[in-house]
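K.L.:
Have a look at the structure that comes next, please.
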Amino acid sequence: MVEMVNRPYAGAFEKFAVANPDVLCLSADLTSSCEIDGFRDRHPEQFLSLGMAEQNMMSFAGGLGLAGFRPFLHSFGVFLYRRPYDQLMASVAYPRRKVRLMGFLPGITTPGGMTHQAIEDVAVMRSIPNMTILETGDATEVESICEAADSIDGPVYCRVLRGSVPRLFDTPIEVGRMRELAMGEDVLVVTSGIATEEALRARDALSGAGVSIRHLHINTIKPFDPQPLLDHIASVKKGVVVLENHVIDGGVGSLVAEIMAENAVGKPLVRLGLRDTYAHGGSRAYLMKHYGLDAAALVAGIEKIIGAKTGITEDALAVARVDAVHSAVKAEAL
Amino acid sequence: MDNRKSTQDVALGIRRRVFEHSMRNNGGYLSQACSAAEQLAFLYNEALNLGDPTLPAIPKPFAGVPRAGNDEYVTGAGYNGPFEPQYDRLFIAPAHYALVAYATLIETGRMAPEGLEMFNRDGSSVEMIGAEHSPGMEVHNGTLGIGLSTGAGLAWGRKRRGETGKVCVFMSDGEVQEGQTWEAVQAAAHHGIDNLWALMDVNDQQCDGAMDSVMDVRDIAAKFRTFGAVCVEVDAHDLDALRQAKAEPHEGQPLIILARSSPTHGMSFLQRRFPRLHYVRFKTTEERDEMNAAIAEELGIQPVELEAH
Ligand SMILES: Cc1ncc(C[n+]2csc(CCOP(=O)(O)OP(=O)(O)O)c2C)c(N)n1
Ligand SMILES: [Mg+2]
């Protein structure tokens with residue numbers, strides 16, 4: 001059984017911020033939902049409540065950056081770029097302020113429906129000059145996201161997991177370095193965020209079916225050094241499958257596609273994610289299945305690449321974890 | 001719709017349903033029923049001119065998002081009656097009030113009680129955060145602060161077309177922290193949009209707790225007036241006061257009714273939770289049992305039968 005860590009961000013942020021007095025904790029009325037309620041109560045002098053007013057918070061953070069502080073903004077991912085996009089551009093990204101955007105509930109990890117689901121955030125952030133993008137895929141990455149983000153000389157957007165998070169890795173995020181989780185030679189599987197856990201669910205079934213998988217986990221989406229990826233693509237016989245908790249346009253799948261095209265890599269690529277559609281409200285497991293973001297979808301993508309059925313059935317995939325929507329580990333509200 | 005129940009009874013029914021639902025589901029947006037029951041009852045039961053529902057009493061499952069070729073797609077507006085010139089439209093701007101809004105639909109005979117059983121179930125259209133396709137929702141509002149602008153645009157358009165139906169936006173006070181709310185009032189006043197009115201649940205609460213501790217919004221009535229609206233402040237739990245406020249003349253200006261509410265009205269037990277009331281959850285089985293007994297008694301019903309937790 002995989003170890004589950006409860007609210008890894010809460011302790012990690014507190015430890016980091018306390019050791020770094022120029023780090024400020026900003027919140028937009030989602031304090032417990034972003035696991036910084038304990039920090040607010042214990043370190044009020046380092047905490048700034050900005051209310052439900054994200055546009056103001058974004059430019060305000062730009063000003064704090066100008067004053068030499070390194071603000072960490074906490075909200076759901078969607079509220080850190082959709083409404084305050086113009087402010088993000090002018091007050092933060094252009095002047096390269098050291099503003100750290102901590103975006104919780106990435107993609108379909110929220111039951112809140114379209115208005116709460118950041119499904120195109122990576123695409124948006126990838127197209128913003130000066131922006132760095134990090135994404136957490138397990139508890140260890142969440143625990144190390146503050147150091148990683150704060151090591152960036154400029155603005156950074158992070159997709160942060162909250163609540164009960166599995167521990168998949170035992171080493172912290174190293175910015176710019178992908179994780180090599182399997183070194184097989186038939187198909188290259190590239191995943192980020194929660195998609196990595198899905199791919200791991202399919203691991204045993206795939207090896208049982210005789211498919212040799214090379215698996216990369218991406219935690220630094222931008223900037224991205226293409227060479228290691230190209231080397232891995234060169235090492236597999238068949239092709240590449242990317243699975244991400246995001247629309248297939250503009251995210252990690254697009255990143256891989258661009259690198260392959262620019263380097264004339266003539267191998268097939270399958271991009272898995274939301275296909276030009278909004279999602280709706282529902283549990284994470286349901287949404288992953290409904291929109292083809294789960295282990296079964298990955299197996300189907302791999303079958304497309306190898307041009308054969310693996311015979312892997314739903315039952316052969318490791319059991320998906322199901323968090324009760326109202327379970328105790330889930331932070332208040334949404 | 002004929003008013004089979006008194007508005008007072010509808011309000012009580014809303015509290016009972018939201019309470020029962022929250023007990024069974026280990027928590028919920030319970031305090032919003034306390035603060036807003038009279039307001040939503042008032043809107044649906046008497047203030048709005050709505051036609052009979054055009055959608056089935058038992059909501060259909062989620063039929064996909066808007067997309068070219070998806071002919072199945074419908075918004076939840078049909079639960080508020082047909083989109084005809086003489087009828088009013090209603091937007092529930094704080095979409096997390098959906099549970100309270102669904103309970104209101106049931107109490108006013110616009111949705112079957114089965115609808116609430118589908119709340120937050122996978123594949124259901126009765127979503128936790130009301131979506132555009134959820135019963136009674138006409139547009140997406142889960143990102144707070146956009147409702148009044150959409151309402152103003154719709155109202156302007158209806159006025160231009162000579163339609164007599166009005167546009168009402170039910171709002172939450174957290175929305176006044178968003179700049180867009182003020183841009184909306186400014187535009188509505190500038191263009192003299194007087195077929196627009198808003199009823200705001202001023203419960204002084206938001207996710208992080210009491211609003212003045214999170215981001216003080218000060219005298220919002222004065223602000224609304226300065227921005228060009230006619231603004232009336234009333235006790236949210238006094239139906240006659242709501243009726244009077246609705247009758248306030250506002251020619252050439254939008255009307256904003258600030259309904260000053262208590263987030264524990266009708267469920268005094270919740271006072272123990274002050275100031276963290278946005279989403280009420282039970283910390284222990286004992287607490288849940290205690291709450292079940294106390295609130296049921298205050299609402300005049302039997303405690304909700306619960307399976308072992
Ligand atoms: C633009 C936006 N920012 C943040 C949120 C998250 N959120 C949902 S409800 C809420 C509290 C808003 O206050 P109010 O509606 O008055 O809440 P209540 O009285 O029900 O506690 C927040 C911050 C949101 N839905 N939209
Ligand atoms: Mg409120």
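Every number in this text was worked out from the coordinates using simple rules, so none of it is lab data. Everything quoted here is computed from the prediction, not taken from an experiment. Note that we place each Cβ from the backbone using ideal geometry, even for glycine, and neighbour counts take in every protein chain shown.
K.L.:
Output wanted: per-residue J couplings in Hz (rounded whole) for segment A:156-164, from phi through Karplus 6.51 cos²θ - 1.76 cosθ + 1.60, θ = phi - 60°, x for Gly and Pro.
P.N.:
9, 10, 10, 8, 10, 8, 9, x, 8
K.L.:
Let me ask another. Which angle from 0 to 90°, rounded to the nearest 10, does the C-alpha axis of helix A:252-262 make with the longest principal axis of chain A?
P.N.:
60
K.L.:
Exactly which trypsin sites (Lys or Arg not before Pro) in segment A:233-294 are in a DSSP loop and have at most 15 other Cβ atoms within 10 Å?
P.N.:
Within segment A:233-294, the qualifying trypsin sites (Lys or Arg not before Pro) (loop, at most 15 other Cβ atoms within 10 Å) are A:237, A:275.
K.L.:
Further question on the same structure: Rounded to the nearest 500, what is the 222 nm mean residue ellipticity of chain A from helices alone, with -39500 (n - 2.57) per DSSP H run of 4+ residues and division by all residues?
P.N.:
The helix-only estimate for chain A comes to -9000 deg cm²/dmol at 222 nm.
K.L.:
Cα-based Rg (one decimal) and Dmax (whole number) for the protein assembly as shown, in Å?
P.N.:
My reading of the Cα-based Rg and Dmax gives 25.3, 77 Å.
K.L.:
Shielding of A:1-12 by partners, i.e. mean partner chain Cβ atoms within 10 Å per residue? Write down the numbers at each step before the final one.
P.N.:
On the way: counts 0, 0, 0, 0, 0, 0, 0, 0, 0, 0, 0, 0.
That works out to 0 on average.
K.L.:
Residue B:205's amide H: which non-local residues (gap 5+, or another chain) put their own amide H closer than 5 Å, with H modeled 1.01 Å from N in plane and none for Pro or chain starts?
P.N.:
Placed amide hydrogens put B:211 under 5 Å from residue B:205.
K.L.:
How high is the relative contact order of chain A, given as a whole-number percent (alpha carbon pairs under 8 Å, six or more residues apart)?
P.N.:
It rounds to 18 percent for chain A.
K.L.:
Let me ask you something else. Determine, for A:187, A:241, the number of other Cβ atoms within 10 Å of each Cβ, and report the residues in order from fewest to most. It would help to have the intermediate numbers written out before the result.
P.N.:
Values: A:187 25, A:241 30.
Least crowded to most crowded, the residues run A:187, A:241.
K.L.:
How tilted is helix A:195-208 with respect to the longest principal axis of chain A? Cα atoms for both, answer in degrees (0 to 90, nearest 10).
P.N.:
Approximately 20 degrees, to the nearest 10.
K.L.:
Once both axes come from the Cα atoms, what is the angle between helix A:54-66 and the longest principal axis of chain A, in degrees from 0 to 90, rounded to 10?
P.N.:
70
K.L.:
Compare the peptides A:120-126, B:157-163 by average per-residue count of other Cβ atoms within 10 angstrom and give them in order, highest first.
P.N.:
Per-residue Cβ counts within 10 Å, averaged per peptide and sorted highest first, yield A:120-126, B:157-163.
K.L.:
Among rounded, prolate and oblate, which fits chain A when a ≥ b ≥ c are the square roots of the eigenvalues of its C-alpha gyration tensor, a/c under 1.5 means rounded, and a/b larger than b/c means prolate? Kindly include the intermediate steps, with their values, before the conclusion.
P.N.:
Numbers: a/c = 1.93, a/b = 1.55, b/c = 1.24.
It is prolate, given that a/c is not under 1.5 and a/b is the larger ratio.
K.L.:
Here's something else I'd like to know. Does segment A:186-245 come out rounded, prolate or oblate, given a ≥ b ≥ c as the square roots of the eigenvalues of its C-alpha gyration tensor, rounded meaning a/c under 1.5 and, failing that, prolate meaning a/b above b/c?
P.N.:
It comes out oblate by the Cα gyration axes.
K.L.:
Can you pull out the GluC sites (Glu not before Pro) in segment B:226-309 whose DSSP state is coil and whose Cβ has at most 16 other Cβ atoms within 10 Å?
P.N.:
Passing both the DSSP loop test and the Cβ count: B:251, B:305, B:307.
K.L.:
Tell me the net charge near residue B:11. Cut-off is 9 Å between Cβ atoms, residue B:11 excluded, with +1 for each Lys or Arg and -1 for each Asp or Glu. Please list the in-between numbers first.
P.N.:
Details: positive: B:15; negative: B:9, B:38, B:107.
Combined, the nearby Lys, Arg, Asp and Glu give -2.
K.L.:
When only C-alpha pairs under 8 Å and at least 6 residues apart count, what is the relative contact order of segment A:246-299, in percent?
P.N.:
35
K.L.:
Per residue of segment B:7-15, what does 6.51 cos²θ - 1.76 cosθ + 1.60 with θ = phi - 60° give for ³J(HN,Hα)? Whole Hz please, x for Gly and Pro, Karplus curve as stated.
P.N.:
Here the 3J(HN,Hα) series is 4, 4, 5, 4, 4, 5, x, 4, 4 Hz.
K.L.:
Below 27 Å, Cα to Cα, which lysines can residue B:166 reach? Residues fewer than 8 away in the same chain don't count.
P.N.:
Filter leaves B:5, B:223, B:246.
K.L.:
I would also like to ask the following. What 222 nm value per residue comes from the helices of chain B, counting each DSSP H run with n ≥ 4 as -39,500 (n - 2.57) and dividing by all residues, nearest 500 deg cm²/dmol?
P.N.:
Rounded to the nearest 500, the figure is -10000 deg cm²/dmol.
K.L.:
What do you get for trypsin sites (Lys or Arg not before Pro) in segment B:4-66 restricted to DSSP loop and a cutoff of at most 16 other Cβ within 10 Å of the site's Cβ? Before the final figure, lay out each step's value.
P.N.:
Numbers: sites: B:4, B:5, B:15, B:16, B:17, B:24; in loops: B:4, B:5.
Answer in residue order: B:4, B:5.
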